[in-house]
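Written out below as structure tokens is the structure these notes cover.
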Amino acid sequence: MNYLLFGGQPNAGKTSTVTRLTNTLLAVPFSFRVIDGTFPPLRGNDFLILLERKINKNQSQYIIVNSPSDDALTINILRDFITKHSDKTIDVIISSVRDIGWERNHFFTTLKISSTDINVFEIPLARVTRRKKSGHFTPALNWYEATLDRHINFIITNPPFNL
């Protein structure tokens, strides 16, 4: 199982990045479908889902996508969701993770992985800090998200993810 993590401080865009990636995975050419959970979420922004894509009639690819990792409860819910679907071969787990602090430590301890594991790939996120009144915030944010999304698309379509 491979992990694609988006790390950063609160309000760095982890959830919005995971949401954009999920929309990409649901669209052509990836064409995954949600088989457990709800996307888009009915309330708020956070979600936890299982995606499936049929490779042939006997084989599927599975991805777990998790947007929240802000507290012990949401991290434990992710662990339980992974366990719930342990009858399937999960190819990738996509999740947000905090940059520092006890939440990050709890995330890695609970999932029994390390940020230095060969199958864990973490993309660090940062805030766009242009002042909104300067008129440069929106173009800077658009550039940041578009560039980030292009990099993510390259990463998920190449080894080790091969989606």
**Study point:** Criterion (under 16 Å from the mean Cα position of the chain (by Cα) and touching a residue at least 12 places away in the same chain (Cβ under 8 Å)) met by exactly one of 148, 141
**Key:** 148
Check your understanding: Which residue, of 78, 125, is touching a strand residue (DSSP E or B) at 6+ places or on another chain (Cβ under 7 Å) and in contact (Cβ under 8 Å) with a residue 60 or more places away in the chain?
Key -> 125
Point to revise | Scan of segment 55-76 for residues that are over 25 Å from residue 159 (Cα atoms) and surrounded by 15 or more Cβ atoms within 10 Å (Cβ to Cβ), ordered by number | key: 68, 69, 70, 74, 75
Practice item. Search segment 121-144 for residues being charged (D, E, K, R), surrounded by 13 or more Cβ atoms within 10 Å (Cβ to Cβ) and at pLDDT below 95, and hand back the single one that is nearest to residue 24 (Cα to Cα). Key: 127
**Study point:** Filter result for residue 107 (within 17 Å of the chain's Cα centre (by Cα), modelled with pLDDT of 95 or more and in a helix (DSSP H, G or I))
**Key:** yes
Revision key, fill the gap. The residue from 118, 113 that alone is buried (at least 16 other Cβ atoms within 10 Å of the Cβ) and part of a loop (DSSP other than H, G, I, E, B) is 113
Check your understanding: If a residue has to be within 16 Å of residue 122 (Cα to Cα) and in contact with a helix residue (DSSP H, G or I) (Cβ under 8 Å, 6 or more places away or on another chain) to count, how many in segment 17-52 make the cut?
Key -> 2
Exercise for review: Return yes when residue 80 is at pLDDT 95 or above, in contact with a Lys or Arg (Cβ under 9 Å, 6 or more places away or on another chain) and surrounded by fewer than 16 Cβ atoms within 10 Å (Cβ to Cβ) and no when it is not.
Suggested key: no
Exercise for review: Could you identify the single residue in 99, 91, 46, 70 that is at pLDDT below 95 and within 14 Å of the chain's Cα centre (by Cα)?
Suggested key: 70
Review point. So which pairs qualify, if the first residue must be in segment 1-13 and over 16 Å from residue 157 (Cα atoms), the second must be among the acidic types (Asp, Glu) and modelled with pLDDT under 95, the Cβ gap must be under 7 Å, and the two must be at least 6 apart or on different chains?
Key: 7/99; 8/99; 9/99
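The values are calculated or read from the model by the stated rules, or taken from the named source; none is laboratory data. All of these numbers come straight from a predicted model, not from anything done at the bench. In this analysis, Cβ positions are derived from the backbone assuming ideal geometry, glycine residues included, and neighbour counts consider all displayed protein chains.
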